[in-house]
Structures are given as C-alpha cells and as structure tokens.
C-alpha cells in the first residue's frame with residue numbers, strides 16, 4: 001500500500017457523507033459551523049455526539065494531570081472526532097479547536113451507533129479511519145524518536161497547505177511544535193533551501209505541497 005501516512009481514509013469519510021445525502025435525514029445528521037479558534041470538543045467533557053469535519057482545519061490537544069498541554073495533531077476534512085468516545089461510552093479524551101472556519105457533520109451518539117450497525121460501508125470507513133490513526137501514531141513514534149521537530153513541522157505544513165488561501169504564521173507553527181522561535185527559524189531556513197516553502201517576515205507565504213508529501217513519503221528511509 002503506497003499511501004501518505006494513511007490520511008486518505010479520513011478524507012473518504014467526508015466523501016461518503018457528501019455522496020449519500022439521504023443518510024443525513026435518516027440519521028438526523030445536521031451541519032454545524034465553528035469559527036476560527038472556537039473550541040468544539042473539551043477534554044473530559046460529557047460527549048455531545050460525533051463530529052465529522054467537512055471543511056476547514058482543526059487542532060487536537062490533550063492536557064496531562066500535571067497541566068502540560070500537548071498537540072496531538074492538525075487535521076483536515078474527513079477527521080472524525082468523538083467516535084471513540086461514542087463507542088467506549090467515555091468523556092472526550094482530547095480538546096478539539098478550530099484553526100480556521102470549519103464545517104462539520106454532527107451525529108448524536110445514539111444515531112452514530114445506529115449508523116455503524118446499519119450502514120456497512122460507513123462502518124468500514126470509520127474503522128479504517130481509526131486504524132489509520134493507530135498506524136500514523138506508530139509511524140510518528142518511530143520517526144519522531146530520531147528527529148521529532150522536522151517531522152512534525154513537515155506534517156503540519158502538509159496539513160495547512162491543504163488550505164491554499166491560508167498564510168501560515170510563524171507564531172502558530174511555534175505553538176504547534178512546542179519549540180522556540182529560534183529553532184523554528186532554523187528548520188524553516190532548511191526547508192526553504194530545499195525549496196519546500198517560502199517565507200516573508202513572520203509568515204510562510206508559499207508551500208510546495210507535492211514536495212512536502214514526497215519528503216514525508218521517503219522520510220523514514222532517510223533516517224540513519
């Protein structure tokens with residue numbers, strides 16, 4: 001399987017929803033919108049159903065008992081949030097915040113479980129999405145142990161580049177990577193030399209998405 005870190009399964013969830021409008025009425029699925037910076041799901045809160053990202057970009061974080069916050073990922077259309085909690089009957093495990101204006105499909109927990117039971121194609125897509133997250137976590141663990149920052153930066157740039165109109169700020173990248181401005185500038189300079197992006201002042205004004213995806217696809221083979 002020649003995939004870019006298995007992210008295509010999440011995209012297929014949104015495509016499935018768009019291709020089957022009759023399911024929206026059958027399972028009482030509604031469309032909801034979140035403004036940039038709005039918190040959609042709050043860690044430890046009682047679940048309010050499942051959200052499938054149709055458009056936009058979200059950041060997923062988790063806060064430890066000691067109060068430290070970690071960014072688990074930046075995700076685009078197809079990302080399913082609240083699915084594990086619905087299946088496991090547990091509070092939200094992470095906090096999900098909109099980085100841009102976002103549109104979601106919202107399904108109540110009861111209807112989501114009913115849909116899994118009655119729609120075989122949807123069930124398979126959701127479970128493949130979950131499996132892709134597990135595979136990505138394993139890949140990230142093995143690769144990030146050698147060079148976490150550059151790998152994470154490439155992942156974030158790839159996800160943000162899906163929104164062609166978005167100019168990416170260095171402060172946002174610094175926050176997502178949990179690093180210093182100095183380290184970020186060093187990494188950006190390296191990637192700019194590789195012609196994977198262009199910077200202007202405090203912004204990344206252009207990303208070479210195909211180049212970034214190619215770099216990621218071969219990244220684990222380049223690590224010594």
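The values are calculated or read from the model by the stated rules, or taken from the named source; none is laboratory data. Bear in mind the structure is a predicted one, so any value in this text is a computation, not a measurement. Don't worry about glycine lacking a Cβ; one is built from the backbone with ideal geometry, like all the others, and counts go over all protein chains shown.
Residues are listed down the side, and each one gets a yes or a no for (1) under 23 Å from residue 125 (Cβ atoms); (2) touching a residue at least 60 places away in the same chain (Cβ under 8 Å); (3) in contact with a helix residue (DSSP H, G or I) (Cβ under 9 Å, 6 or more places away or on another chain):
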{"position": "26", "(1), (2), (3)": "yes, no, yes"}
{"position": "31", "(1), (2), (3)": "yes, yes, yes"}
{"position": "40", "(1), (2), (3)": "yes, yes, no"}
{"position": "43", "(1), (2), (3)": "no, no, no"}
{"position": "60", "(1), (2), (3)": "yes, no, no"}
{"position": "64", "(1), (2), (3)": "no, no, no"}
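What residue, of 174, 207, 179, is touching a strand residue (DSSP E or B) at 6+ places or on another chain (Cβ under 9 Å) and not assigned by TED's automatic domain parsing to the domain that holds residue 71? Exactly one of 174, 207, 179 is touching a strand residue (DSSP E or B) at 6+ places or on another chain (Cβ under 9 Å) and not assigned by TED's automatic domain parsing to the domain that holds residue 71, namely 207. Within region 155-197, the set of residues being outside any helix (DSSP H, G or I) and under 16 Å from residue 75 (Cβ atoms) comprises 161, 162, 163, 166, 168. Restricted to region 151-171, and to residues that are out of contact with any strand residue (DSSP E or B) (no Cβ under 8 Å at 6 or more places or on another chain), without any contact (Cβ under 8 Å) to a residue 60 or more places away in the chain and farther than 14 Å from residue 215 by Cα, which residue is surrounded by the fewest Cβ atoms within 10 Å (Cβ to Cβ)? Result: 165.
Exactly one residue among 78, 67, 73 is part of a loop (DSSP other than H, G, I, E, B), under 13 Å from the mean Cα position of the chain (by Cα) and either crowded, with 16+ Cβ neighbours inside 10 Å or outside the structural domain of residue 156 (by TED's automatic domain parsing) (or both), and that residue is 78.
Going by the conditions given, is residue 9 touching a helix residue (DSSP H, G or I) at 6+ places or on another chain (Cβ under 6 Å), modelled with pLDDT of 95 or more, under 21 Å from residue 136 (Cβ atoms) and not in a strand (DSSP E or B)?
no
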